[in-house]
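Here is the structure we will look at, set down as structure tokens.
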Amino acid sequence: MVDTTAGIAPRARFLTRERIIKWAPLLVLGVLVLLFPFFEWLEDVRAGDAHTYLLDSRFFSIRNAARIGISATPALMVAIGVTFIIIMGSIDLSMEGTVSVCAVIFAFVFIAWGGTVLSWAWLAIPIAMLVGAAMGFINGLVHVKLKIPSFMASLAMGFVGTGLALLLTGGDRVRVEDPIFRSLLTERWFNFPVMVYVALVFLLIAWFIQSRTTLGRNFYAVGGGEELAHASGLNVERVRLMGFTLAGVFFAVGALLAVGRIGIAETATGNNFMFVSITAVVVGGTALWGGIGGVWNTLVGVLIVNVINNGMVVIGLPAFLQDAVLGILVIIAVVLSTDRRSVSFVK
Amino acid sequence: MSFIKKFIEQETTNRRDLLLASAYGLGGVAAAGLMGSGMARAAIADPTIAWSYRNRTNPYWNEIVSGGEAFVESLGKSKDFLTHLINEGSSEKSLADVKALLSKTNGDLALAIDTNDAPNARPVVEACVEAGAYVSTLWNKTDDLHPWDFGDNYVSHMSWSDEGPAEQTARVLLEAMGGKGGVVHLGGIASNNPAIERLNGLKNALKDYSDVELLDAQPADWDTQKANQIMSSFLTRYGDEITGVHCANDTIAYGVLEALRAEGIAGMPVVSYDGNPQAVELVAKGEILATVFTNPHWGGGITAALAYHAAVGHFKPSEEPEAHREFYGPTIFVTPDDALDFKAKYLDSVPTYDWTDFWGPSNGQIQYT
């Protein structure tokens, strides 16, 4: 995690307030991972079955970790994309449309050019990422050049994307059956499918961009104080444009993994990504007002959301309670993981 | 404010026409048109044909409307002749659009409509009847609203009961499970009527299979990705206890099959519903054991056809039996044995339907419990 609390004096108290807040998301994740097995234990003990806590847990197992990994990876990519935007203090709500368009275009090109990774069809992968970049770039242009708030600009671009995807497919689903592409899901290394490792690589790339490039540092500069950054000679508009373009690329990677996961590209591929990714970013401790947080926070946030979703089914929570519990857990996670004392007002 | 004045005038004229038409009595005696020719009420020479529905992004509604277009083309018109009223899931918009079109066409309208929710059916029907238009409804209406209470203008209502067919797929599933083990159900949006009926179908079938346990039923909101995640969570909770999966529709089944594939589980019995082309292919391969086709293309076409043919006077709805005014739509059961035949007949090329055979493929009069 990036140290945004520079200036802690040496030999300071170990448990400073900043430090607790910084690690709170991970703490929440840890508590959740131990909480769900507890409910399993409780259920079995009540039923009079032998159950050793954690050891007999179905939730706390490698196989379930892989399942959570599979459900988390596409959302992680999308959430990383939007993390950069939120660090800048803007918001990007175009992910559902962008993911759908990238998924659909990828599937069309992939099938038209051979339908297997071993032919020219592999070019569909970079093409999808270019499409994502283009969508993000246009999104950024609308926001920066037309001076429309990012909230509205990106929401509108999202609708454009969904419409475009519908136009391309005519409401149909496109199946991507290539066994090599689908090995993203079916091939496993050390119990985890390949898509998890692909996501890990992109996570590291995102971390590199965030911490080792000028662009990454500029995101924090813009988010921490736009006027100041502007006055220091930073071309804020350019940073914003590049941020939205970069987000588009990560949305495209998310789309590719989503298609890899279910083998279908359709207008609905983008569904639910907005809620999951924004929630994950915020729960992970990246502040919506910008300048704080980063991709590791997002990783923890995505895991929290997916662990909750998986765990609620695993402990057999009735369906009508699940949405309510998710909402309450999100509020608790945000309360614990963001430093709100320094913020004088919230809008 | 002249447009309001005009609207009121139009409404008054419409009402006067209706009164006159009733005064002249039966037999298609035309009321003298006060606003030009073609105001005959008992039969409309060339009515506007309209379909009012949610939107086309959903494959199901896309099929419905394509049936409506096929019907219009069968009349020798271009498919653009069909007027689309898109309510985007709003009953208020649905009603407002119908009223606007009634006013624009002066009541010369043959309307096929899903009113979006059941309570909205009554105002829509009443507006049409008052304007002398002809309306056929699909899916939504309240149980106390019947076509035969409105003479000829409320032509027909068609709906589907999913409980029986879902029970049939469940029986196929339970047989494939050898009559023992555990079954999980992945449903649609919990409050949707078809979702409730399809789960009930499974529960009805389970009464005859005491050795099979319904392990869990969770709503997957008709969504492939959500179904995928829920199925993998089910695998964590129940593991090998799951020996069969009952899905509320095909899109859910796709997600379930991928969750099973991710775990390397092959040969798990799965059944679904809706008869989408890809699902039928999976049935042919034996990956899905059964699905149910409700022929939305035919449903969309015949609903428009009924309203149209009643409007032009080809048949008189009030002389038809009640079973011809309120009836269930077709359900065709697809299993691995007949999947290829089914695909060739219904999916590879859309059959050309006889749009005057109104009740042939239908499924009996609607029953109220």
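The values are calculated or read from the model by the stated rules, or taken from the named source; none is laboratory data. Predicted, not measured: the structure shown is a model, and the values here were computed from it. All Cβ positions, glycine included, derive from the backbone under ideal geometry; neighbour counts span all protein chains shown.
Residue count for the stretch B:171-195 satisfying the condition of being surrounded by 17 or more Cβ atoms within 10 Å (Cβ to Cβ) and under 22 Å from the mean Cα position of the chain (by Cα): 5.
This table checks each residue for (1) among the charged types (D, E, K, R); (2) surrounded by fewer than 24 Cβ atoms within 10 Å (Cβ to Cβ).
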{"site": "B:LEU102", "(1), (2)": "no, no"}
{"site": "B:LEU109", "(1), (2)": "no, no"}
{"site": "B:ARG122", "(1), (2)": "yes, yes"}
{"site": "B:ASP143", "(1), (2)": "yes, yes"}
{"site": "B:HIS146", "(1), (2)": "no, yes"}
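Only one entry in B:ILE196, B:ILE189 is assigned by TED's automatic domain parsing to the domain that holds B:TYR238, closer than 30 Å to B:ASN140 by Cβ, in a loop (DSSP other than H, G, I, E, B) and of a type outside the set (Gly, Ala, Ser), namely B:ILE189. Hey, does the stretch B:313-320 have a residue that's hydroxyl-bearing (Ser, Thr, Tyr) and either crowded, with 20+ Cβ neighbours inside 10 Å or under 22 Å from B:LEU186 (Cβ atoms) (or both)? Checking the stretch B:313-320: not a single residue is hydroxyl-bearing (Ser, Thr, Tyr) and either crowded, with 20+ Cβ neighbours inside 10 Å or under 22 Å from B:LEU186 (Cβ atoms) (or both).
The set of residues in the stretch A:202-248 that are in contact with a His (Cβ under 8 Å, 6 or more places away or on another chain) and not basic (Lys, Arg) comprises A:VAL236, A:PHE244. Of the residues making up the stretch B:216-257, those that are under 18 Å from B:ASP274 (Cβ atoms), in a strand (DSSP E or B) and in contact (Cβ under 8 Å) with a residue 60 or more places away in the chain are B:VAL245, B:HIS246, B:CYS247. Does any residue of the stretch A:160-178 turn out to be of a type outside the set (Phe, Trp, Tyr), closer than 20 Å to A:SER100 by Cβ, part of a helix (DSSP H, G or I) and without any contact (Cβ under 8 Å) to a residue 12 or more places away in the chain? Yes, that holds for at least one residue. Quick one: in the stretch A:285-338, which of the residues that are out of contact with any strand residue (DSSP E or B) (no Cβ under 9 Å at 6 or more places or on another chain), among the small types (Gly, Ala, Ser) and within 14 Å of another protein chain (Cβ to nearest Cβ) is farthest from A:VAL236 (Cα to Cα)? For the stretch A:285-338, the residue satisfying everything is A:GLY311.
Residue count for the stretch A:180-231, restricted to those that are farther than 30 Å from A:VAL259 by Cα and assigned to a loop (DSSP other than H, G, I, E, B): 2. Quick one: would you say B:ASN62 is over 21 Å from B:SER349 (Cα atoms), out of contact with any Leu (no Cβ under 7 Å at 6 or more places or on another chain) and polar (S, T, N, Q)? Answer is no for this residue. Among the residues making up the stretch B:258-281, those that are of a type in the set (A, V, I, L, M, F, W, C) and within 27 Å of B:GLU197 (Cα to Cα) are B:ALA259, B:LEU260, B:MET268, B:VAL270, B:VAL271, B:ALA279, B:VAL280.
Quick grid of which residues meet (1) among the small types (Gly, Ala, Ser); (2) modelled with pLDDT under 95; (3) under 21 Å from B:GLY364 (Cβ atoms):
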position	(1), (2), (3)
B:ARG237	no, yes, no
B:GLY244	yes, no, no
B:ARG261	no, yes, no
B:ILE265	no, yes, no
B:ALA279	yes, yes, no
B:VAL283	no, no, no
B:ILE288	no, no, no
B:LEU306	no, no, yes
B:TYR328	no, yes, yes
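One residue is enough: does the stretch B:201-219 have a residue meeting the conditions away from every other protein chain (no Cβ under 13 Å) and basic (Lys, Arg)? Scanning the stretch B:201-219 turns up at least one residue that is away from every other protein chain (no Cβ under 13 Å) and basic (Lys, Arg). Taking the numbered list (1) within 18 Å of B:GLY329 (Cβ to Cβ); (2) in the same structural domain as B:PHE71 (by TED's automatic domain parsing); (3) surrounded by fewer than 23 Cβ atoms within 10 Å (Cβ to Cβ) in turn, B:ASP114 passes all entries but (3). Take the residues in the stretch A:171-211 that are within 14 Å of another protein chain (Cβ to nearest Cβ) and on the phi > 0 side of the Ramachandran plot; name whichever of them is surrounded by the fewest Cβ atoms within 10 Å (Cβ to Cβ). Taking the candidates together, the pick is A:ASN191.
Yes or no, residue by residue, for (1) among the hydroxyl-bearing types (Ser, Thr, Tyr); (2) within 23 Å of B:ALA43 (Cα to Cα):
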position	(1), (2)
B:VAL98	no, yes
B:LYS141	no, no
B:ASN153	no, yes
B:SER159	yes, no
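Residues are listed down the side, and each one gets a yes or a no for (1) within 22 Å of the chain's Cα centre (by Cα); (2) facing another protein chain (nearest Cβ under 10 Å); (3) touching a residue at least 24 places away in the same chain (Cβ under 8 Å):
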| position | (1), (2), (3) |
| --- | --- |
| A:LEU54 | no, no, no |
| A:ARG67 | yes, yes, yes |
| A:LEU76 | yes, no, yes |
| A:ILE85 | yes, no, yes |
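When restricted to residues that are in contact with a helix residue (DSSP H, G or I) (Cβ under 6 Å, 6 or more places away or on another chain) and buried (at least 24 other Cβ atoms within 10 Å of the Cβ), the stretch A:267-281 contains 7.
The residue of the stretch A:220-276 that is nearest to the other protein chains (Cβ to nearest Cβ), among those that are basic (Lys, Arg) and in contact (Cβ under 8 Å) with a residue 24 or more places away in the chain, is A:ARG261. Looking across B:PRO321, B:PRO277, B:PRO269, one residue alone is over 17 Å from the mean Cα position of the chain (by Cα), outside the structural domain of B:ALA70 (by TED's automatic domain parsing) and more than 30 Å from A:ARG63 (Cβ to Cβ). It is B:PRO277. Residues that are within 26 Å of A:ASN306 (Cβ to Cβ) and of a type outside the set (Ser, Thr, Tyr) within the stretch A:142-173 comprise A:PHE151, A:LEU155, A:GLY158, A:GLY161, A:ALA165, A:ARG173, listed in sequence order.
Take the residues in the stretch B:229-285 that are among the acidic types (Asp, Glu) and buried (at least 22 other Cβ atoms within 10 Å of the Cβ); name whichever of them is farthest from the other protein chains (Cβ to nearest Cβ). The selected residue is B:ASP274.
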